[in-house]
Amino acid sequence: MNIFRLAGDLTHLASVLVLLLKIHTIKSCAGISLKTQELYAIVFATRYLDLFTTYISLYNTLMKLIFLGSSFSIVWYIRKHKIVRRSYDKDQDTFRHYFIVLPCFVLALIIHEKFTVREVLWAFSLYLEAVAILPQLVLLQRTRNIDNLTGQYVFLLGAYRALYILNWIYRYFTEPHFVHWITWISGLVQTLLYADFFYYYFQSMKNNGKLQLPA
Amino acid sequence: DSDSEDKDEL
């Protein structure tokens, strides 16, 4: 464990807890893409299924349980909670996320570390995580401006992946055989997807107005 | 090659 990875995990944890807290306290999910939340639930379900078979550390197990629990409860809130679900604008959140699930699955069948169920699902979860934010970014473009909590959520998610890139660089130089091209490339693609959001996010911080994304 | 056991990252 290195500081970049710990900071990355804590930032990731903060992003989901900030979102869950927002939805729970103000009983609203305005501006949040249910599609992105469902994709993240699939990412965690397919990546953490080894939770019950391989024990790595208490930290690892605890974090996996928290991520699984929070992502599925966010999906539950938006789909099922009688008050929260009313604030979900499904006619804006129209990104056909099956169009990204299938290509990621096909890609995982082609590119993986080993052709086993666990490895293919692991690669699938990495490809899916890289593009899971797309419905949320599309929704942000549509709704033009966003409230601060949604901005913070996307910002923390981007920061978590950027910190992970530092972690991979650190591990590459400190651990001889630590090579995970699949993780590195999908992680890099994911961070690049956030790049333009970061640009507008910092612009809005500068003139500290509402975050206006270009049409 | 990196065996699948060293998937210690979240």
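The values are calculated or read from the model by the stated rules, or taken from the named source; none is laboratory data. Small disclaimer: the values here were computed from a predicted structure and weren't measured. Heads up, the Cβs are rebuilt from the backbone with ideal geometry, glycines too, and the neighbour counts pull from every protein chain shown.
Some values worked out for this structure:
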item	result
Search result, residues across region A:23-42 that are touching a residue at least 60 places away in the same chain (Cβ under 8 Å), touching a Ser or Thr at 6+ places or on another chain (Cβ under 8 Å) and buried (at least 22 other Cβ atoms within 10 Å of the Cβ)	A:GLY31, A:ILE32, A:TYR40
Test: A:LEU166 is surrounded by fewer than 21 Cβ atoms within 10 Å (Cβ to Cβ), part of a helix (DSSP H, G or I) and aliphatic (A, V, I, L, M)	yes
Selection count where residues are farther than 14 Å from A:LEU39 by Cβ and in a helix (DSSP H, G or I), scope region A:106-137	12
Test: residue in region A:138-150 that is modelled with pLDDT of 95 or more, assigned to a helix (DSSP H, G or I) and closer than 21 Å to A:ILE42 by Cα	no
Any chance A:LEU51 is surrounded by fewer than 21 Cβ atoms within 10 Å (Cβ to Cβ), free of Cβ contacts under 8 Å to residues at least 60 places away in the same chain and more than 10 Å from chain B (Cβ to nearest Cβ)	yes
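Yes or no, residue by residue, for (1) closer than 26 Å to A:VAL18 by Cβ; (2) away from chain B (no Cβ under 14 Å):
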| site | (1), (2) |
| --- | --- |
| A:VAL75 | yes, yes |
| A:ARG79 | yes, yes |
| A:LYS82 | yes, yes |
| A:TYR88 | yes, yes |
| A:PHE95 | yes, yes |
| A:ILE111 | no, yes |
| A:PHE115 | no, no |
